[in-house]
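Comments concern the structure below.
The values are calculated or read from the model by the stated rules, or taken from the named source; none is laboratory data. What you are looking at is a predicted structure, and each value in this text was computed from that prediction instead of being measured. A quick note on method: Cβ atoms are made from the backbone with ideal geometry, for glycine too, and the neighbour counts reach across all protein chains shown.
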Amino acid sequence: MSHVFPRHCHADLPAATGGAGCYIHDAAGRRWLDGSGGAAVSCLGHGDRAVLDAIKAQLDALAYAHTGFFTSEPAEALADHLIARAPEGLERVYFVSGGSEAIEAALKLARQYWVERGEPDRRHLIARRQSYHGNTLGALAAGGNEWRRAQFSPLLIDVRHIAPCYAYRDQRPDERAEDYGRRAADELEAEVQRLGPENVIGFIAEPVVGATAGAVPPAPGYFARIREICDRHGLLLILDEVMCGMGRTGTLYACEQDGIRPDILCMAKGLGAGYQPIGAMLCSGTIYDTIRDGSGFFQHGHTYQGHPTAAACGLAVVQAIEERGLLDRVQTQGARLQAALEDRFGQHPHVGDIRGRGLFRGLELVEDRETKAPFDPARRIAARIKSTCFDGGLVCYPMPGTIDGKRGDHVLLAPPYIISDTE
Ligand code: PLP
């Protein structure tokens, strides 16, 4: 009997024993094309020599040193690299071990910022119903996936949720994309007015929505309008690029494509590319300076934050993305993937939408293309697609449609940036 506590207690999973490029294999020689990089993690594929060498070199030099006593060369170099390429205004990097930790740090930093600014009434966070920000309690509270939240609701902080920006479902037939983007963003204005701007900490959103929706990009102008509303009321804009960042959409930071500048930006997944667990929270100089000149202490921390080996890995990953021209590759292969999906499934009676950016693509599955009616959840479409693909040698990332009770099941594809045409 296994003593591992698996995610699904009744799943009988093969043991992965090795990987090379875009494939993972088991001891019996079965192999799977990693079509979703796990959960949009393995952006360089498996067995990348440069990353492995960087990790080994750091292990030989120094595996770990506590950040209460030391900084480290790889953490400093990685922070420099990220900030040099980040949207204007972001100046400091707080390294953690994954996505949920980055979100927790962001939420607490945002609250502490207002306390130190002398505005302790700012206590409300606003997020969107179509979102996933992680499974720790703060991140879960920010997320909008009811199925994930339901049984833990007594433990969750109060976060207000507004409608997502979801053109396939919510754009009116007579409405231009820009007008829809503005209308969706104005939901934030309405919620801020309801709560009173002086009571609001900030707004958190994924630039391209991943796990809850299958690679949903924003409508044109949506985030520009969101930034405007945040500026008008002094709200902090927190962008969650845990899944869509690190080049996944074809630019290092996903928000570059919408031309916006967040106050706080979270990343993880692709930053370690699966070779080490690492996440990061980037914040503006204004936020950092407020804490530095105030209490001088961010009241938050984890034992493994700023882990030197994880930072050495992250540095090797970002260098690989840059030196190998992988952002261009994500754009060309992403366009190819979109075209291939449209060619193959564009007329499929149960594929309602094919969307995304770069190598971050989603298919929304519906019972009826005309009415966009989702499948009955009892049919477990997402689970069946997952197992059918897996049996056929493909790892992809299907999820049931659990938002607002009216969204379709979807399949997320997020292959390694090195994926070839034939793969
Ligand atoms: N934020 C987003 C957008 C995510 O997709 C995820 C994970 O899927 C998280 C946060 C949480 O990250 P982690 O699973 O590393 O805690």
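Does Gly352 meet the test of being over 20 Å from the mean Cα position of the chain (by Cα) and buried (at least 18 other Cβ atoms within 10 Å of the Cβ)? Yes. Just one of the listed residues (Pro164, Pro154) is assigned by TED's automatic domain parsing to the domain that holds Glu101, within 16 Å of the ligand (Cβ to nearest atom) and within 22 Å of Tyr132 (Cβ to Cβ), namely Pro164. Between Tyr180, Tyr253, the distinction of being modelled with pLDDT of 95 or more and touching a Pro at 6+ places or on another chain (Cβ under 7 Å) belongs to Tyr253 only. Scan the stretch 139-151 for residues that are in contact (Cβ under 8 Å) with a residue 40 or more places away in the chain and either more than 16 Å from the ligand (Cβ to nearest atom) or assigned to a strand (DSSP E or B) (or both) and the total you get is 1. Of all residues in the stretch 355-369, exactly one satisfies the criterion of being farther than 28 Å from Gly270 by Cα, of a type in the set (D, E, K, R) and crowded, with 16+ Cβ neighbours inside 10 Å, namely Glu367. Can you spot a residue in the stretch 152-161 that is surrounded by fewer than 18 Cβ atoms within 10 Å (Cβ to Cβ), modelled with pLDDT of 95 or more and part of a strand (DSSP E or B)? Yes: one or more hits.
Just for the stretch 110-120: of the residues that are of a type outside the set (Lys, Arg) and closer than 16 Å to Tyr288 by Cα, which one is surrounded by the fewest Cβ atoms within 10 Å (Cβ to Cβ)? Here the residue is Gly118. Could you tell me whether any residue of the stretch 215-222 is under 22 Å from Leu363 (Cα atoms), modelled with pLDDT of 95 or more and assigned to a strand (DSSP E or B)? Checked against the condition, which is being under 22 Å from Leu363 (Cα atoms), modelled with pLDDT of 95 or more and assigned to a strand (DSSP E or B), the stretch 215-222 yields at least one hit. With respect to (1) under 23 Å from Cys244 (Cβ atoms); (2) of a type in the set (Gly, Ala, Ser); (3) out of contact with any helix residue (DSSP H, G or I) (no Cβ under 9 Å at 6 or more places or on another chain), the lone exception for Ala185 is condition (3). Exactly one residue among Thr309, Thr290, Thr303 is hydroxyl-bearing (Ser, Thr, Tyr), over 17 Å from the mean Cα position of the chain (by Cα) and surrounded by fewer than 16 Cβ atoms within 10 Å (Cβ to Cβ), and that residue is Thr303. Among the residues of the stretch 406-417, is any surrounded by fewer than 19 Cβ atoms within 10 Å (Cβ to Cβ) and within 25 Å of the chain's Cα centre (by Cα)? Yes: one or more hits. Against the conditions (1) under 24 Å from Thr251 (Cα atoms); (2) surrounded by 14 or more Cβ atoms within 10 Å (Cβ to Cβ), Pro400 satisfies every one except (1).
Can you find even one residue in the stretch 317-329 that is modelled with pLDDT of 95 or more, under 30 Å from Gly118 (Cα atoms) and surrounded by fewer than 23 Cβ atoms within 10 Å (Cβ to Cβ)? The answer is no; no qualifying residue exists.
Conditions tested, residue by residue: (1) under 21 Å from Arg227 (Cα atoms); (2) surrounded by fewer than 20 Cβ atoms within 10 Å (Cβ to Cβ); (3) not assigned by TED's automatic domain parsing to the domain that holds Leu235.
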site	(1), (2), (3)
Asp80	no, yes, no
Ala84	no, yes, no
Lys108	yes, yes, no
Arg122	yes, no, no
Gln130	yes, no, no
Asn135	no, yes, no
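In the stretch 237-284, of all residues being polar (S, T, N, Q) and surrounded by fewer than 24 Cβ atoms within 10 Å (Cβ to Cβ), the one that is farthest from the ligand (Cβ to nearest atom) corresponds to Ser284. I'd like to check something: does the stretch 128-138 contain any residue that is under 18 Å from Leu237 (Cβ atoms), within 16 Å of the ligand (Cβ to nearest atom) and part of a helix (DSSP H, G or I)? The answer is yes, given that some residue of the stretch 128-138 is under 18 Å from Leu237 (Cβ atoms), within 16 Å of the ligand (Cβ to nearest atom) and part of a helix (DSSP H, G or I).
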